[in-house]
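Encoded as structure tokens, the structure appears first; notes follow it.
The values are calculated or read from the model by the stated rules, or taken from the named source; none is laboratory data. Predicted model only: the values in this text are computed from it and were never measured. For neighbour counting, all protein chains shown are included, and Cβ atoms are generated from backbone atoms with ideal geometry for every residue, glycine included.
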Amino acid sequence: MVAGYLFIAPWMVGFLVFTAGAMVYSLYMSFSDYNLATNRARPVGFDNYAQLFEDPKIALSLANTLFYAVLAVPLEIVVALALAMLLSRMTRGAGFFRTVYYLPKMTPAVATATLFFLLLNGNTGAINQFLRIFGIEGPQWLIDPAWVKVSIVLMSLWAVGGTMVIFLAALKNVPVELYEVASIDGAGAVRKFFSITLPMISGAMFFNVIVLSIAAFQIFDQAYVVFWRDQSNSSPDAALFYAIYLFQQAFRQFNFGFAAAMAWLLFVIIMIITLIQVKFGNRFVYYEGNR
């Protein structure tokens, strides 16, 4: 017993100091007006939280983030599942292609954002140049507000390798006998997918939806590098995501108390959405022990 606690002691200390401790301190900061020059926090009660309802950029950034999450999460699920199903059917070279599809996940988000900044350039970008071959004039991905969030979604689809690996592991655990019996009964590919594959991988689907939803509400790296790194340029309001506005309040305007209140609002929103997903999504998850 003592040896077990000794082994996990480094993690426990790190969690208490850098996670739990930081959360408690940020909660205290959210009720304060912190002065960076004097390193003192003046209690202000619920003023920071009241300001959340008065600042129009809070609603704007939340709406942008929600729009991105609603668009990105289903697309990432579909693309990752499609890739996983293709790889699960491969026999030769499967290991090579798994590595190739997973490599973008290992690429730093800053490098990915920089690459897509060049690819999505409305005038000289490779994507629009390719579309011009077919006589299609591509949009101004990084300028037109209607396409800004779509461009961020495209960046997120580049790194679906992690989600794909989870789906691939789930597909490998589906009993082959079920497909054989379905074939004998005359079931086609579509019927097999909806009646066997989806129910059997519903646990992995449930997990991926929750994880991707949490990550979507914290979108920061790609949007910041592409739209907000160079402050000399005017960035569109469509690219103002919640985490970016939180960063601006904390480290550009040094409004740490308000930023802490924003962080706790985001925590509550993510927690509520996750609880809703668990309550309703869990009904569609197949557990082998259930009858």
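The table below gives the values:
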| item | result |
| --- | --- |
| So Pro108, is it more than 29 Å from Leu27 (Cβ to Cβ), surrounded by fewer than 12 Cβ atoms within 10 Å (Cβ to Cβ) and either under 21 Å from the mean Cα position of the chain (by Cα) or among the aliphatic types (A, V, I, L, M) (or both) | yes |
| Any chance Val190 is surrounded by fewer than 18 Cβ atoms within 10 Å (Cβ to Cβ), closer than 22 Å to Ala94 by Cβ and β-branched (Val, Ile, Thr) | no |
| Output for the stretch 132-166, where each listed residue is among the basic types (Lys, Arg) and in contact (Cβ under 8 Å) with a residue 24 or more places away in the chain | Lys149 |
| Check on Asn48, among the polar types (S, T, N, Q), under 27 Å from Ala263 (Cα atoms), at pLDDT 90 or above and under 26 Å from the mean Cα position of the chain (by Cα) | no |
| Test: residue in the stretch 33-40 that is under 23 Å from Asn255 (Cα atoms), aromatic (Phe, Trp, Tyr), modelled with pLDDT under 90 and not in a strand (DSSP E or B) | no |
| Test set (1) at pLDDT 90 or above; (2) buried (at least 16 other Cβ atoms within 10 Å of the Cβ) - Val278 fails condition number | (2) |
| In the stretch 16-32, the residues that are in a helix (DSSP H, G or I), in contact (Cβ under 8 Å) with a residue 24 or more places away in the chain and under 26 Å from the mean Cα position of the chain (by Cα) | Ser26, Leu27 |
| Flag for Ile219 being of a type in the set (Val, Ile, Thr), surrounded by 15 or more Cβ atoms within 10 Å (Cβ to Cβ) and either without any contact (Cβ under 8 Å) to a residue 60 or more places away in the chain or over 18 Å from Tyr287 (Cα atoms) (or both) | yes |
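Residues are listed down the side, and each one gets a yes or a no for (1) outside any helix (DSSP H, G or I); (2) surrounded by fewer than 19 Cβ atoms within 10 Å (Cβ to Cβ); (3) within 24 Å of the chain's Cα centre (by Cα):
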site	(1), (2), (3)
Leu52	no, yes, yes
Thr65	no, no, yes
Val73	no, no, yes
Val78	no, yes, yes
Ala82	no, yes, yes
Met90	yes, yes, no
